[in-house]
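Notes follow the structure.
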Amino acid sequence: MLFVVKYFPEIIIKSKPVRKKMCRRLQDNLLAQLRPLDPQCIVKMEWDKLTVELLTDDAETIIAAKDVLRYTSGIAYFLEVNAATFETLDDIGAGAQAVYGSQIAGRRFVVRCKRSGKHEFTSHDIERYIGGYLLQRVDTAGVDLHTPEVTVSIEVRGDMLYVVKERVQGQGGFPLGEVEPVLSLISGGFDSPVASYLTMKRGMPTHFCFFNLGGRDHELGVKEVSYYLWERFGANRRVKFIAVPFEGVVAEILEQVENSQMGVILKRMMLRAAERVGKELDVSALVTGEAIAQVSSQTLTNLAIIDSVIDTLVIRPLITADKEDIVSVSRKIGTEEFAASMPEYCGVISVKPTTKARDYRIANEEERFNFDVLDQAIADAEYINIDELGDLDTRAVDVEVFETPQPESVIIDIRHPDEQERLPLVVAGQMIEHIPFFQLHRKFAELDKGYRYLLYCDKGVMSRLHAAHLVEDGHNVAVYRPPHS
């Protein structure tokens, strides 16, 4: 199985040393993700492309490898190809017929060719010849240069023929790790996950910082979406999830700060804490999902006063984005369902929040705030390797893990619907329910209490995370983790 990977155009226009460095980074990122799937895979770097060769015929492995290519930043698009050497134009025609013969039967088609190297023929010569070759051998509806039903896509490079079986759009952006790391302040709604995705896509390893205002279910939801973003777009780069207990800070604000100033001061406290967390992680900037005028604290005046409390750069990828556009991106990257199901906790709600905070007013309010409370919250922050989220949440709760189905049990596949569709879970003779993790707690109460439920996900992280909380709530739940997972 061979794939041709095309670099994102902004990589191509870089200077030669920078371009080479970025391409090497992309090669390393792909190898880090593909080798666990196929230890013998080959990723070869060339000046204008990468080639990825899988030495396995396993269907699930090939699907997983294509997902790696689809979600790794730095790739404009990739082609699944049949590759072979050729000597004559008839060899090219035979290669094209082998892939497209059944597709063009009874349909209008066109041949498109890209060519490089020294040949006695042009790209147009190839297109005309292969079109005639296919017309003679396949019962088609004819050639249509303007509105074809099928495009026969081939590339000729030197003595190599690449017949394109599928063209898949990539993420674009820069290879992850090519830009300095950042710390994203993530709350789990629509905005902050999209902002985090955009920094990852642009090449920045992104740590996740969550300020817990008092809701356990909210923290679980934010861990879910953070893990999802890292697993899908994080290129296997180790990052942290930091949970900062902010209940005491919220209580201090509610007791000491005038109502209209609460929102701005809470954001300033978060930035103060995030800057100190960021120094522990040696990050270069903080990231938020704020957009101009979306809420009262996000006016230009308020954002300037909020930012003035720290020296660290604050990046706001969504600063001029419309909410509709943000939701559209969340739908595209798969975080919309998280946001729609997020049990968000809001502990600071001003009756008439200021939209034009003043420096002197904020300073006066903060004089009454006991900063020892903030210091304690930062000291109590929990730093977790993001790939260990499930393990940590089960340490305090006894969660059983089974490699085989159990008597009188039902397996619940809690994966994202996209994953369920791509790789359906099949266990012979076993009852299987399909409840995505973001609906699990809401729907669990409707299930038959006469069964034991085994939660399943691909890597066992989300299943252990949810099982721990359900067991803690008194439910008969365990984890199904077959040996191949």
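Things worth noting here:
- Residue in the range 123-136 that is at pLDDT 95 or above, closer than 24 Å to Lys6 by Cβ and exposed (fewer than 14 other Cβ atoms within 10 Å of the Cβ) present: yes
- Flag for Lys449 being charged (D, E, K, R), farther than 23 Å from His218 by Cα and open to solvent by 20 Å² or more (accessible area, probe 1.4 Å): yes
- Qualifying residue in the range 45-58 (condition: touching a residue at least 40 places away in the same chain (Cβ under 8 Å), open to solvent by 50 Å² or more (accessible area, probe 1.4 Å) and within 19 Å of Ser116 (Cα to Cα)): yes
- Residue tally, condition within 30 Å of the chain's Cα centre (by Cα) and either surrounded by fewer than 20 Cβ atoms within 10 Å (Cβ to Cβ) or within 21 Å of Ala379 (Cα to Cα) (or both), over the range 241-297: 33
- Subset of the range 81-99 that is touching a Lys or Arg at 6+ places or on another chain (Cβ under 9 Å) and buried (at least 20 other Cβ atoms within 10 Å of the Cβ) - its residue that is farthest from Gly172 (Cα to Cα): Gly93
- Residues being open to solvent by 10 Å² or more (accessible area, probe 1.4 Å) and outside any strand (DSSP E or B) - total across the range 159-191: 11
- The range 24-40, residues that are in contact with a Leu (Cβ under 7 Å, 6 or more places away or on another chain), among the polar types (S, T, N, Q) and part of a helix (DSSP H, G or I): Gln27, Asn29
- For the range 437-469, the tally of residues that are out of contact with any His (no Cβ under 8 Å at 6 or more places or on another chain), assigned to a helix (DSSP H, G or I) and more than 17 Å from Tyr227 (Cα to Cα) stands at 2.
- Residue satisfying all of: in the range 470-485; in a loop (DSSP other than H, G, I, E, B) and within 17 Å of Thr404 (Cβ to Cβ); most open to solvent (accessible area, probe 1.4 Å) among these: His484
- In the condition set (1) open to solvent by 10 Å² or more (accessible area, probe 1.4 Å); (2) under 17 Å from Phe174 (Cβ atoms), Thr61 is compliant with all but (2).
The values are calculated or read from the model by the stated rules, or taken from the named source; none is laboratory data. Note that the coordinates shown come from a computational prediction; the quantities given were computed from them, not determined experimentally. We place every Cβ from the backbone using ideal geometry, glycine too, and count neighbours over all the protein chains shown. Ligands, DNA and RNA are stripped out before the accessible areas are found, and what is left, the full protein with its side chains, is counted by its heavy atoms. Shrake-Rupley method; radii C 1.70, N 1.55, O 1.52, S 1.80 Å.
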